[in-house]
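Read through the structure below, which is laid out as structure tokens, and then see the notes.
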Amino acid sequence: MPANPALPRPEPVLFEAVSTPAHSFHRGLFLLLAGITLAWSILGGAVFLLVGAWPVFGFLGAESLLALGLVLLHHRRAGRAQEVVRLAEGRITVRRVDGRGRRSEASMDAYWAQVELNEREGLALVRRGHRIPVGIFLSEAEKEDLAGALRQALAAYRRPFFDNPQLR
């Protein structure tokens, strides 16, 4: 007999959905924005230099660099944000990471969880008045798709499967 008895296997993951904010801003678009912003600063600064208001030139450059820095910061933080909805081991869990890297987690018993979708409050998992909002980064159509997939996964979890060798 082996020294270590076999560990019980963890229950498989029945459903998992990962959502992130939309990332339509890629490097080429940032370079285009930077080029337009810097060209505006240089041309506008040249006009102010010709008029004799030379201090404005420095402010235009600083303002443009600040705006581009804020755009980069926003894009970097939005890249870290995500939400994971997972159904495993009898629990449905929602894990979130915001743009600053702060993590939050909420879970409930999957057997009693209900999926609720309405216009006013959005998509949520509900059990006895306890609400867990879901799909905060998704559009309305994507929320409807996620709600349908969650309902199917929860229904499949609640429907027992009995493997009776005599019925094979």
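Here are some notes:
- 3J(HN,Hα) along the stretch 24-32: 8, 9, 9, 4, x, 5, 5, 5, 5 Hz, from the Karplus curve 6.51 cos²θ - 1.76 cosθ + 1.60 with θ = phi - 60°, whole Hz, x for Gly and Pro.
- Using C-alpha pairs below 8 Å separated by at least 6 residues, the relative contact order for the stretch 27-79 is 30 percent.
- Based on Cα atoms of the stretch 27-79, Rg over Rh with Rh as the Kirkwood radius reads 1.10.
- Once you divide the Cα radius of gyration of the chain by 2.2 N^0.38 Å, the number left is 1.69.
- For peptides 93-104, 20-31, sequence by mean Cβ density within 10 Å, most packed first: 93-104, 20-31
- Sequence-separation-based contact order of the chain, relative, with Cα cut under 8 Å and 6+ spacing, percent: 20
- Amide H partners (placed H, <5 Å) of Ala110, local residues excluded: Arg91, Ile92
Just so you know, all these numbers are worked out from the coordinates, no wet-lab data involved. Keep in mind the model is a prediction, meaning the values are calculated, not measured. Neighbour counts are summed over all protein chains in view; Cβ atoms, including those assigned to glycine, are modelled from backbone coordinates with ideal geometry.
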